1. If you average 1/r over all unlike Cα pairs in segment 326-389 and invert the result, what Kirkwood radius do you get in angstrom?
2. How much area per residue is accessible in segment 329-446 when the probe is 1.4 Å and only protein heavy atoms are counted (Å²)?
3. Sorted by packing (mean other beta-carbon atoms within 10 Å per residue), highest first, where do 189-195, 419-425, 231-237 land?
4. With the radius of gyration and the Kirkwood radius both derived from the Cα set of segment 131-204, what is their ratio Rg to Rh?
5. Between residue 260 and residue 445, with labels modelled 7 Å along Cα→Cβ, what's the label distance in nm to one decimal, could you check?
6. Which of the peptides 304-313, 337-346 is most tightly packed, and how do the rest follow, judged by the mean count of other Cβ atoms within 10 Å per residue?
7. So if we plug the beta-carbon distance of residue 109 and residue 44 into 1/(1 + (r/R0)^6) with R0 = 60 Å, what FRET efficiency do we get, rounded to 0.05?
8. Run lengths n ≥ 4 of DSSP H only: what is the helix-derived mean residue ellipticity at 222 nm for the chain, with -39500 (n - 2.57) per run over all residues, to the nearest 500?
Amino acid sequence: MHIKPAAILVLLPLLVVAVPARSAESVFLTGATVYDGTGTAALENAVIEVKGEQIACIGGEATCPVTAGAETVDVSDRFITPGLVDAHVHFSQTGWLDGRPDSRIGHDFYDYEALQQALSATPDRWYRAYLCSGVTAVYDVGGFPWTLELEDHAADHPERPHVRPAGPLITHFEPVFPIFQVLDTGLFLPMRTDEEARASVRELAGMGARAIKVWYLDPPQDETEALDKRLLLIGREARAQGVPLVVHATQLRGAKVAVRAGAHMLAHSVRDRHVDEEFLRLARQVGTYYVPTLIVFQNWTRAIASVAIGKPPSLDDPNDCIDAETRRVVQDAARLHATLPDKLRYLARVISRRVNEARQSAIMEENLRRVYEAGIPIATGTDAGNPLTFHGPSIYREMEAMERAGIPAAEVLVMSTRHGAAAMERLDDFGTLEAGKLADLIVLREDPGESTHAFRSITHVMRGGTLHEITRFAAE
Ligand SMILES: [Zn+2]
């Protein structure tokens with residue numbers, strides 16, 4: 001479990017490491033520049049005392065004196081931040097089209113039931129990719145009932161990220177029900193009537209869902225009024241059950257209804273038009289967490305494009321965190337291309353998506369700036385599991401996109417640590433580096449206060465007091 005000192009000395013001569021995993025004795029990380037996740041200025045030449053799973057002390061040498069003879073890890077010239085939090089992922093999806101039978105590509109090509117069986121049996125595949133990328137906590141906002149077991153499965157384990165699962169989603173969009181009906185269960189619960197909507201909320205609460213996730217696609221015009229009212233009802237029932245409401249609503253109208261319904265989190269940007277004063281006022285009042293997910297739509301288009309041209313996509317994976325099975329399955333782009341009945345139609349689809357995307361990206365970026373300036377809490381989320389949005393390393397591009405949209409790097413850092421933990425309702429345990437919290441942190445070569453690009457330079461991840469060299473999680 002812990003790092004062999006000999007291996008470290010070969011690979012990282014800068015770090016003198018002799019760290020027993022979760023020692024009952026204190027271990028001191030000394031000399032790093034620390035961003036503690038609270039948004040305060042970086043602490044230079046810091047000392048972090050780790051005892052067992054927790055941070056015992058964090059500060060300068062005077063505040064946290066190193067005990068004579070104690071184990072120390074010299075991290076001078078390095079940067080430390082809290083472990084990253086991805087506030088929007090799906091363990092039931094793979095990062096490729098095999099996990100999305102509703103995409104129409106590969107619908108007859110992949111065995112979706114077998115896939116779900118395999119995924120439920122091997123969540124370690126994604127745990128490993130997350131730790132490898134420095135992500136120590138994830139919010140799974142929609143998945144099969146088996147995902148609800150992941151929270152306990154991953155808790156208190158030094159090689160697994162914290163998982164907060166929402167379980168099945170409530171939606172009015174019924175065409176997807178049969179497509180995702182496998183393993184004698186569904187991915188979706190209905191909201192055809194008020195009573196049914198309330199029953200779906202109670203069912204989820206009874207299953208132990210950590211959020212009530214509503215997939216609120218823009219309703220048909222003649223149903224808008226009734227469905228909007230029903231979403232408010234779902235919000236009331238969720239409150240009565242004591243479970244937070246998380247809503248997918250990418251259109252301003254629906255997003256406003258979601259916030260009025262008391263949404264704890266909006267899982268995506270508003271992307272049809274610019275957010276207005278009314279939206280900003282409502283979201284601020286409610287304290288809704290806004291998760292921009294800037295890159296997932298572009299990644300979808302890249303996936304469809306790779307099939308349309310029959311060429312496997314390039315993978316953005318600086319530390320080799322994407323597992324062998326995922327690398328293999330994206331190579332199917334060429335074989336899927338051969339199955340397309342009308343190749344020109346698919347090319348046309350890619351082009352029209354690209355056109356829409358440029359417009360929508362500009363709107364999403366402007367909305368992110370407005371939401372940020374209005375003081376609404378923003379949490380970083382990737383929507384990992386969607387095609388080409390890979391579990392783990394996709395968080396780098398998401399953070400970089402947020403910075404490009406105009407959010408300062410030091411603020412993106414807080415959104416990717418503290419705010420993510422708060423969105424998951426786990427801020428008491430992690431998300432910032434403070435005495436008494438879990439020792440979940442990452443070590444970087446470059447300065448994340450200067451640029452979000454620095455997160456790619458990760459060398460170590462500590463989860464619950466156990467320090468890992470990230471290369472140990474790299475794919476074979
Ligand atoms: Zn999602």
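1. Numbers: mean 1/r = 0.0663 Å⁻¹.
One decimal place: 15.1 Å for the Kirkwood radius.
2. Per residue, segment 329-446 has an accessible area of 37 Å².
3. 419-425, 231-237, 189-195
4. 1.08
5. Each label point is offset 7 Å from its Cα along the Cβ direction, giving 5.3 nm.
6. 304-313, 337-346
7. Numbers: r = 54 Å, r/R0 = 0.90.
FRET efficiency, residue 109 to residue 44: 0.65.
8. -10500 deg cm²/dmol
The values are calculated or read from the model by the stated rules, or taken from the named source; none is laboratory data. Here the structure is a predicted model, which is why all the values come from computation and not from measurement. No Cβ is skipped: glycine too gets one built from the backbone with ideal geometry, and neighbour counts run over all protein chains shown. Note: areas computed on protein heavy atoms with side chains; ligands, DNA, RNA excluded. Shrake-Rupley method; radii C 1.70, N 1.55, O 1.52, S 1.80 Å.
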